[in-house]
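Here is the structure we will look at.
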Amino acid sequence: MIVSAEGGDCLKRTILYRFARIFFICLMIAVASGCIFLPGRAEGRKKTVMEMAEENKETGQKAGDACEADSKEEEEPQEEAAKEQAAKEQAAKEQAAEEQTAEEQWEQWQKEWSIEKQIYPLLENAEEGSREDYIRLGLEDSDIYQVREGDTLWGIARECYGKGTDWDAIKQENPGIPGDGSLIFPDTELSIPRFCYIRKQEDSLGGFSSPACTYDIPSDWIYGYPKWETCVEYYWPDYADVGVFSHVTENRMFPEHMGGEWEEMQRKITASAEKVERVCFRELEFSRYKKEDGRELFFYRFICESEEGDVRCAVAYTSGANYMAEFIGHCPVPKDGEEPAFDIEGITRYIAASYEERGGEKNWGSLKYRPYLGYENWPYEDLHNPFAMMETIYGVEEDEELVGKDEEVHFVSKEWENLLRKVIWVHYDLTEEQMEEFAQRPIYASELAWITEVVFVESPIPGRDEVSVNGFYSEGATCAEYNLTTLQDLAVLPNLHKLTLETGGADDYEALGQCKALKEVSIASQEPVEKLELEWAMELGQLESLTVTVSNFPHLMEIGYEKEGATTFGNQVKEGEKAEGTGDGKAADGENATDEADKKESGGSMKIEEVLAQCTSLKYLKLEYTEELDLGFLGKLPQLYTFWLDGEKMESEAAMQRQALFKDEDWPQIKCLVVDGDWLRNPE
C-alpha cells in the first residue's frame with residue numbers, strides 16, 4: 001500500500017497517540033497498586049526507627065532461613081565437622097578443669113560448704129548435756145498424761161522427754177497447776193507438749209542486735225534495703241539468688257497471743273494468694289510453734305511458679321510483748337545439674353525462732369510513705385504481702401502499649417536532642433547505617449513513646465550529677481553538658497510518667513502541664529516554693545506523687561561555694577555557653593518573661609492551697625514551704641496517704657507551732673504525716 005507523505009504523518013501521530021495512551025494507563029495501574037512510588041504523593045515522613053528495628057528482625061530471620069537451606073545441602077560434611085568440634089571442646093574443658101587454680105577450687109568449695117552448712121532441720125531431741133546449743137520449739141499437738149501416785153513434774157518430764165530439766169514446759173502448758181508445781185494430784189490429766197529442736201549455728205556473728213530485740217542470721221550473709229518496697233530489710237549471700245526479708249514493728253496485732261484466730265488467718269492468707277495474677281502459688285502449708293518464752297511462731301511455706309522456674313518460699317511471724325517480727329524467705333528451686341538449693345524454709349524458721357526481745361526501745365525505723373505492695377488484696381496492714389513481693393521479683397510484667405503520633409518534634413537544646421537520639425539508638429538496637437539515616441532527619445513523637453522516666457538532677461558534688469532516660473545514662477555526664485534550657489524539651493515526650501528535676505537551666509514548669517501522662521513529679525527549684533506557680537499540676541489528671549522543694553545550690557552559693565566545672569545554677573554558666581549549639585537558647589520564651597513578671601506582681605496566680613485542692617488524685621505530697629498554709633485543702637484530697645511539710649528548722653519554735661496545727665483526729669486519710677522533720681504519724 002502506498003501512503004502519501006501527509007497520510008504517513010497522520011498515521012504516525014495516530015500510532016504515537018495510542019502508544020502514549022496505553023503507557024499512561026499502565027502507569028496509573030502501577031501507581032495505584034503501589035509498584036511505583038511518586039514523590040508528589042508521599043506523606044512527607046521517613047522510615048521510623050520502629051520500622052528499621054522491624055526490618056532488622058526480618059532480615060535476621062531471612063538470613064537464618066538462608067543458612068538453614070545451605071546447611072541441608074552440606075548436611076553430611078557439616079555433621080562430621082560438628083563431631084570433631086565437639087570433641088575438641090570437650091578436650092578443652094577437661095584441660096581447663098585441670099588448670100583451674102587452687103584459689104578458684106577453694107572459692108568453689110567454700111561456696112558449696114556454705115550452702116550445705118546453712119541447714120537448720122527440726123530435730124526430735126537435743127543432744128544430752130548441750131541444751132544451750134539448741135532452740136526449743138513446741139509443736140501444735142500435745143499428749144495427755146494422767147498423774148499417778150508419787151509423780152512429780154521432774155519425773156514426768158524425765159519420762160516424757162528423757163530430761164527432767166524440761167519440767168517447766170509442762171508447768172507452762174498447764175496453768176492450772178498451783179504454785180511452783182511441787183504439788184500435783186493423782187488422776188489429774190496434764191497436757192504434755194511435744195517439742196522439736198533447732199541447733200544454733202556454731203559460727204554466729206551475732207546477727208541483728210539492738211536494745212529492742214535480737215535475732216540470728218547466717219554468718220556470711222550481708223544486708224541492704226530493696227528500692228521497690230518500703231520498711232523492709234533484706235539479708236542474702238552475695239554468691240546466690242536467695243534471701244530473707246525482715247521487718248520489726250510495734251506489736252499491734254497480737255499483744256497477747258493468736259488464740260483461735262489462727263484458723264481464720266490461714267483462710268485469709270490463702271485467699272490473698274489466689275488474687276495474684278503474674279505468678280501462681282501451690283503447696284501452701286501452715287504450721288504453728290510455741291517458743292520457750294510462751295510466745296507463738298506462725299509459719300507457712302509455698303511454691304511460687306514463675307516463667308523462670310519454681311521458687312520455694314517461707315514466711316514466719318513471731319512477737320514479743322512490744323514488737324512483732326516478720327521474715328519472708330525465697331530461693332529458686334535448682335534445675336537438674338545445678339548446685340544444691342538453700343534450705344530456705346529452715347533458714348527462715350531459724351531466724352524467727354532466734355528472735356528475742358530485750359526490753360529496750362526500738363532505735364531505728366523506716367517511714368512508711370505508701371502502703372505495702374499488694375495492700376488492696378491483703379488483710380493485714382502491719383504485715384507485708386509475701387505473694388505480691390514474689391510477684392514483683394519473679395513475675396513477668398506485660399509491657400504497656402505506649403503510642404505516639406507520627407509527627408516531627410523539635411528541640412531547643414541540640415545537646416538534649418542528641419542524648420535522646422543515643423538512647424533511641426540503643427533501645428531499638430539500630431545499625432550504624434540506620435543511625436546515620438536517623439541522624440539526618442527530625443525525631444518523630446512515636447519514636448519517643450517508650451520513654452516513661454527522666455532524671456535530670458545536678459549535684460553540688462562534682463561527678464555526682466544524674467542524667468538518665470528510662471535508666472539509660474552516660475557515665476560521668478553532667479547536667480550542664482545537655483543544656484536543658486526549657487522544659488518544652490520534656491513536654492514533647494508523649495508518655496512521660498515520672499520526672500525528677502533539679503536544674504538551674506530551666507524553670508518554665510508550666511510546660512509540664514502538657515505532659516498529661518505524668519504520675520510522679522519531683523522538683524528541687526532554685527526559687528522558694530512560695531514564688532512558684534503550680535497551676536500546671538491541675539492539668540495532670542493522673543498525678544499521684546508531687547514533691548516541690550528548694551535546691552541547696554542557692555544557699556551554697558550565698559555562702560561562697562563555687563562548683564568545680566560547669567553548672568546550670570547561678571552565673572557559672574554564661575549566656576554564651578547556654579546558647580552554644582542551641583541557637584536561641586531561652587530566647588524562644590523571652591517574649592513571655594515580661595508577661596509572667598506582670599502576672600506575679602498583679603497577684604493573678606492562684607494560691608497554692610487552691611491549686612492543690614484540685615489535685616484530687618494525689619497520694620503523696622511533699623512541700624518545702626515556710627509561709628502560713630490554710631490546711632483545709634487536705635480535706636479535699638481523699639486519696640492522700642502521705643503529707644510531708646518541710647521548711648522550718650527541726651525542733652525550732654516555729655516547727656513546733658506548725659506541728660501543733662495537726663490533731664490526731666484531723667484528716668484521717670493521711671496515714672503518714674511528717675512536719676519539719678518529726679514523724680507525727682507513721683504506720684510502719
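The values are calculated or read from the model by the stated rules, or taken from the named source; none is laboratory data. Keep in mind it's a predicted model, so treat the numbers as computed, not measured. Neighbour counts run over all protein chains shown; Cβ positions are idealised from the backbone, glycine included.
Across segment 406-432, which residue is surrounded by the most Cβ atoms within 10 Å (Cβ to Cβ) among those that are within 15 Å of Glu481 (Cβ to Cβ) and among the acidic types (Asp, Glu)? Once the filter is applied, the top-ranked residue is Glu417. Checking Ile177, Ile144, Ile184, Ile135 one by one, the residue that is within 27 Å of Arg288 (Cα to Cα), assigned to a loop (DSSP other than H, G, I, E, B) and β-branched (Val, Ile, Thr) is Ile177 and no other. In the condition set (1) farther than 24 Å from Leu543 by Cβ; (2) out of contact with any Asp or Glu (no Cβ under 9 Å at 6 or more places or on another chain); (3) not aromatic (Phe, Trp, Tyr), Ile451 is compliant with all but (1).
So the check is Cβ under 8 Å with 6+ separation or different chains; which pairs have a first residue in segment 404-420 that's assigned by TED's automatic domain parsing to the domain that holds Leu487 and polar (S, T, N, Q) and a second one that's part of a loop (DSSP other than H, G, I, E, B) and crowded, with 20+ Cβ neighbours inside 10 Å? Close Cβ pairs satisfying both conditions: Ser413/Asn483; Ser413/Leu484; Ser413/Thr485; Ser413/Thr486; Ser413/Thr582.
Filtered by the rule that a residue be of a type in the set (Lys, Arg) and at pLDDT 95 or above, segment 344-360 gives a lone residue, Arg349.
The residues in segment 283-296 that are part of a strand (DSSP E or B), modelled with pLDDT under 95 and not hydroxyl-bearing (Ser, Thr, Tyr) can be counted, and the count is 3. Looking only at segment 479-515, filter to residues that are polar (S, T, N, Q) and under 20 Å from Glu415 (Cβ atoms); which one of those is nearest to the chain's Cα centre (by Cα)? So the residue we want is Thr500. Name the single residue that is surrounded by the fewest Cβ atoms within 10 Å (Cβ to Cβ) among those in segment 169-189 being on the phi > 0 side of the Ramachandran plot and free of Cβ contacts under 8 Å to residues at least 40 places away in the same chain. Filtering first and then ranking leaves Gly179. For segment 348-368, the criterion of a residue being touching a residue at least 24 places away in the same chain (Cβ under 8 Å), of a type in the set (A, V, I, L, M, F, W, C) and in contact with a helix residue (DSSP H, G or I) (Cβ under 8 Å, 6 or more places away or on another chain) is satisfied by no position. Condition check: in contact with a helix residue (DSSP H, G or I) (Cβ under 6 Å, 6 or more places away or on another chain), among the hydrophobic types (A, V, I, L, M, F, W, C) and at pLDDT 95 or above. Does Val455 satisfy that? Taking the combined requirement at face value, the residue does not satisfy it. If we keep just the residues of segment 201-218 that are surrounded by 17 or more Cβ atoms within 10 Å (Cβ to Cβ) and out of contact with any helix residue (DSSP H, G or I) (no Cβ under 7 Å at 6 or more places or on another chain), which is farthest from Glu356 (Cα to Cα)? Looking at the filtered set, the residue picked out is Gln201.
Only one entry in Glu481, Glu564 is over 26 Å from Tyr369 (Cα atoms) and assigned to a helix (DSSP H, G or I), namely Glu481. For the structure I just gave you, tell me whether Gly360 is closer than 30 Å to Trp679 by Cα and more than 29 Å from the chain's Cα centre (by Cα). In short, yes.
Quick check: anything in segment 570-587 among the β-branched types (Val, Ile, Thr), part of a loop (DSSP other than H, G, I, E, B), at pLDDT below 90 and under 28 Å from Pro460 (Cα atoms)? There is at least one residue in segment 570-587 that is among the β-branched types (Val, Ile, Thr), part of a loop (DSSP other than H, G, I, E, B), at pLDDT below 90 and under 28 Å from Pro460 (Cα atoms).
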